[in-house]
1. Any idea how many residues of region 28-54 are free of Cβ contacts under 8 Å to residues at least 12 places away in the same chain and in a helix (DSSP H, G or I)?
2. Tell me, yes or no, whether region 39-52 has at least one residue that is surrounded by fewer than 10 Cβ atoms within 10 Å (Cβ to Cβ) and at pLDDT 90 or above.
3. With ALA76, ALA71 as the choices, which residue is under 25 Å from ARG27 (Cα atoms), modelled with pLDDT under 95 and assigned to a helix (DSSP H, G or I)?
4. Do we find that GLY35 is surrounded by fewer than 20 Cβ atoms within 10 Å (Cβ to Cβ), closer than 20 Å to ILE101 by Cα and of a type in the set (Gly, Ala, Ser) in this structure?
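The values are calculated or read from the model by the stated rules, or taken from the named source; none is laboratory data. It should be emphasised that the depicted structure is a prediction, and the values quoted were computed from it without experimental measurement. Counting neighbours? That spans all protein chains shown, and the Cβs are built from the backbone with ideal geometry, glycine included.
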Amino acid sequence: MTSSPTTLANPEVKNCPEEVLGSLAPRYVWWLLEGSNEDRTDRTLAQIMNLGTYQDIRAIEAVFSNKELIAVMARAQPGWFSDRSWEFWRGRLSTSADDAIPAKPPRRSFDAEMLRARI
């Protein structure tokens, strides 16, 4: 009797996105997430994509399509991705992207004149 390597390596293989996020979220999101279910899913996935171990990255890739992960990047808010993680995912997802992923993650910008006017 033989078993697949995946089963031997990880007997608790998760088959659906909700199970994967449910098992990984407590390690990556330790604060209360607000917003719609889609907003919370995006934030959780972005956090795993930004900070995740290679094993955790493979777990989300097993249940989320490249198109879904690209959509998370497209909806990312400033501060969700480091430059390093952003570049990693751009390279990893670039072969399947119809839409170009921007070269840099979203960043906050400040208008110095507007800030001076408030002082």
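1. 5
2. no
3. On inspection, the qualifying residue turns out to be ALA71.
4. When the stated conditions are applied, GLY35 does not pass them.
A quick yes/no check of all residues on (1) over 16 Å from the mean Cα position of the chain (by Cα); (2) surrounded by fewer than 18 Cβ atoms within 10 Å (Cβ to Cβ); (3) modelled with pLDDT of 80 or more; (4) assigned to a helix (DSSP H, G or I):
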site	(1), (2), (3), (4)
MET1	yes, yes, no, no
VAL20	no, no, yes, yes
ASP56	no, yes, yes, yes
ILE60	no, no, yes, yes
TRP80	no, no, yes, no
GLY91	no, yes, yes, yes
ALA100	yes, yes, no, no
SER109	yes, yes, no, no
